[in-house]
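Novice: Structure in structure tokens, see below.
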Amino acid sequence: MSQSSSNVPRRRFLQGAGAGILSTALAPRAPALAGSEQGTPALRSPMQTAIAVQADLSRGCIPFLSWDIEGGNMARRNLLRSPLVLRFCTGGTTRMSADVPAQKLLHGSDESWRFVLSPHAEIIWTVVTSPDEFTMSISAGGSNPEEIEAVEMLFPFDPSVTPVTILPHAWSDDGHATLPAVLSAPDFGQLLLDDASHPGMTARLKGSRTQRSVDLIVELPPAISGKFCELTFTPVVLPPPAGVTAPQLWRKARRGWFNVWQSSSRWGDQDRPFSAPAGILANNVISDPVSFALPFYADQALWTPLIAPGVSVIDQVRRSIEWWLEHRTDAAGEAIGYWNYRHFLDANPGLIIASWDYVEATGDHAWLAKNIGRLEQLSDFLERRDVDGDGMVEATQSGNFGTLIQPARSCCWWDALNCGHKAGYANAMIWRAWCCLAELEGLLGRVQQQTHCVMLARRLQAAYSSTLTNPQTGWLAWWKSADGQLHDYATPIVNGLAIAYGLVEPQEGQRILARLQAKMRAVNFTRIDLGLPCTLIPVLAGDYLQPSGVGSPHRPDGTDTFQQYMNGGISAGHSLPFILAHYAVGEQQEGDEILQAMLDRQNTVGFQNGVRNSAGGVGWTTWNGTPCGYEGYLADVFMFLQAVVLREPSLRARFLRPMKHVSR
């Protein structure tokens, strides 16, 4: 592969032992041809973009495909685990282009293969590169090309490099994706995949979590004499969302901005909970859809609902909401968290918040009117969980010391911590959800229902700080268990969320932040480039998932696994509330300092190392940056990038508007 640093695009073929390399480095050029205005998606990059395509000259396949849309050196790594091929079906038999005798055809600098599939039918596959894109065209010939029953293009991606997925124009009920589609390779960049002459062309996304494989299968139109398909791959570059006034920060955020949106491939036995259908926003392309993670993806989609011409990421959010409502919410109104795990207090709020994001981004009041009853059902379930009527919503889990035993999980995203009963993280999400639902009810003129939501939110707000404040530390504990004990682990996560969302008054928020910053200095935490630890002190073994699990301590004091996973480890995405808390109390410089350090890391070391599903995943790290996660790629890690948008007062005010309206 070659990459050019000059201002003149170049392309070359390197002859080798039966193979040739077709590669192109796209040089700097004028601003985008379309969408160059702020907030509008753009095609074709104004910087140096590298697209590398290696064609095997002796066989009909492409063994190497990669790109770097942001002008770095990522294109040196192959995104394929095996060669890209065409798949033909003739006479009921399926064959791969790499296994069919191929005649190489040269047309100038373009690369073509001719496949004779029968005495009466043949296919010509041509790969063309240009400074703005690369194209693959498929032509049929022979006296009877109709003998070719089907042609597909198979992209066998390697998620251990990075989890390539697609964000298409639409998903069908049976899991087919309709082009155009953004082909998203986290940290490598995005290409718009389309065939303008065949609108509505479809593709399938299939994967295997155990084998760590992802296959994108593009279903080509029926073969007819002459060219019948021309797939174009065009770089996608997002300008800053309207209202962002720091373009230098946006440039640093842009490489990872798409990373939070991972459409699931179809993997696993669909009759079992440990599986996923195609096209639901998930941890990664071969991992779990998670209801309580959906607002992380939706919040980011709010600022960039249209990511390319014909492709709306907020529509991907809507599809995911509908799937959870229709297939993973029971008759009592409780949404499943993931797999078949119940009793997550942040699952229902996650769907309500994501619905607010969708309606706020689109103004789709018809969708809201159709689904408001379901959203109210989610809210009613939460209201019933306030079992003692004090305003705080109690978890099913007691949170009492020593009660979180496998295979149980806790009441929220932090499912390896023993948080339960009156839990700070879950109730902060419920507070936001009730505020969002109040605004949604108002949009439909449902005054009585709106008033009820406001009442619920205000009762929770009134009880929150008094329930969780630890007078000995001066900050909020993570949870108060059913036996009346506060479980305080000096958490920047819960305190940051409460301050950012207005559950704590700004002056008190300043004092809490100052105390937590002093605690960070006392425990020698300095690596803000990694994000913020979930706790600043070890979690006692009795307050962690037992007897074994990622990060489970065996020493009673929790020191043996401290800084690993949820025992004080760092998952970078959840640093966002702590950054926003500084903005909320007027400490812009302090918030920016954390954001800048994390952006610098995103553009050097990064926050993912491909899909691992084993120890060594960078989705979590210790305080010195040692990987201590399991998935390797966790989509919500990249929600910290929203701070580039939310540092802007006007945009932050829009984001927090439902809570500001309800807050006393």
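The values are calculated or read from the model by the stated rules, or taken from the named source; none is laboratory data. Note that this is a predicted model, so its numbers are computed, not measured. Virtual Cβ from ideal backbone geometry, glycine too; neighbours counted across all protein chains shown. Note: areas computed on protein heavy atoms with side chains; ligands, DNA, RNA excluded. Shrake-Rupley method; radii C 1.70, N 1.55, O 1.52, S 1.80 Å.
Novice: For segment 373-443, what percent of Cα pairs sit more than 20 Å apart?
Specialist: Taking all Cα-Cα pairs of segment 373-443, the fraction more than 20 Å apart is 35 percent.
Novice: With a 1.4 Å probe and all protein chains left in place, how much of the accessible area of segment 487-534 comes from carbon and sulfur atoms, in whole percent?
Specialist: Heavy-atom surface of segment 487-534 belonging to carbon and sulfur, 1.4 Å probe: 47 percent.
Novice: So what is log10(I(q)/I(0)) for segment 138-279 at q = 0.11, 0.12, 0.15, 0.20 1/Å, when the Debye sum runs over its Cα atoms only?
Specialist: Taking Cα atoms of segment 138-279 as identical point scatterers yields -0.50, -0.59, -0.84, -1.20.
Novice: For segment 42-198, with all protein chains present and a 1.4 Å probe, just round the carbon and sulfur fraction of the accessible area to a whole percent.
Specialist: Looking at segment 42-198 in its full context, I get 50 percent from C and S.
Novice: So if I restrict to the alpha-carbon atoms in segment 326-388, what is the Rg, and what is Dmax, the biggest pairwise distance, in Å?
Specialist: That works out to 12.3, 38 Å for Rg and Dmax.
Novice: Net charge within 10 Å of Gln300 by Cβ-Cβ distance, Lys/Arg positive one each and Asp/Glu negative one each, not counting Gln300 itself?
Specialist: That sum, taken over residues with Cβ under 10 Å, equals -3.
Novice: Run the dipole for the chain about the Cα centre, Lys and Arg Cβ at +1, Asp and Glu Cβ at -1, nothing else charged, and hand back the magnitude in debye, nearest 20.
Specialist: That gives a dipole near 1160 debye.
Novice: Can I ask one more? Taking the 0 to 90 degree range and rounding to the nearest ten, how far is the long axis of helix 447-468 tilted relative to the main principal axis of the chain, both from C-alpha atoms?
Specialist: 70
Novice: Could you tell me the convex hull volume per residue, in Å³, taken over the Cα atoms of the chain?
Specialist: About 152 Å³ per residue, rounded to a whole number.
Novice: Moving on to the next point. Using helices alone, what [θ] at 222 nm do you get for the chain, with -39,500 (n - 2.57) per DSSP H run of 4 or more residues, divided over all residues and rounded to the nearest 500?
Specialist: The helix contribution divided over the chain gives -9000 deg cm²/dmol.
Novice: Can you pull the percent of segment 233-384's accessible area that's carbon plus sulfur, 1.4 Å probe, other chains left in place?
Specialist: Accessible surface attributable to carbon and sulfur in segment 233-384 totals 50 percent.
Novice: Where the convex hull is taken over the Cα atoms of segment 273-346, what is its projected area averaged over directions, in nm²?
Specialist: 5.2
Novice: If you count only protein heavy atoms with a 1.4 Å probe, what accessible area per residue comes out for the chain, rounded to a whole Å²?
Specialist: Counting only protein heavy atoms, the per-residue value for the chain is 35 Å².
Novice: If you don't mind, there's one more thing I want to ask. I need the Kirkwood Rh of segment 527-583: take the reciprocal of the average 1/r across all distinct C-alpha pairs and report it in angstrom.
Specialist: After inverting the pairwise mean of 1/r, the radius is 11.8 Å.
Novice: Follow-up. If one takes the longest principal axis of the Cα atoms in the chain, at what angle in degrees, from 0 to 90 and to the nearest 10, does the Cα axis of helix 347-362 lie?
Specialist: 60
Novice: Karplus couplings for segment 57-62 from phi (6.51 cos²θ - 1.76 cosθ + 1.60, θ = phi - 60°), rounded to Hz, Gly and Pro as x?
Specialist: For segment 57-62, the Karplus-derived couplings read 6, 9, 9, x, 7, 10 Hz, x marking Gly and Pro.
Novice: Relative to 2.2 N^0.38 Å, what does the C-alpha radius of gyration of segment 54-211 come to as a ratio? Two decimals please.
Specialist: 1.08
Novice: Helix 588-602 versus the longest principal axis of the chain: what is the Cα-based angle in degrees, 0 to 90, to the nearest 10?
Specialist: With both axes taken from Cα atoms, the answer is about 40 degrees.
Novice: If eta is 1.567 mPa s and T is 4 °C, what Stokes-Einstein diffusion coefficient results for segment 157-228, Kirkwood Rh from Cα pairs, in µm²/s?
Specialist: Taking Rh from Cα pairs, D becomes 98 µm²/s.
Novice: Something else: Show Arg81, Arg318, Arg266 ordered by accessible area, largest first, where the area counts protein heavy atoms only and the probe is 1.4 Å.
Specialist: Reading off the accessible areas and sorting them downward yields Arg266, Arg81, Arg318.
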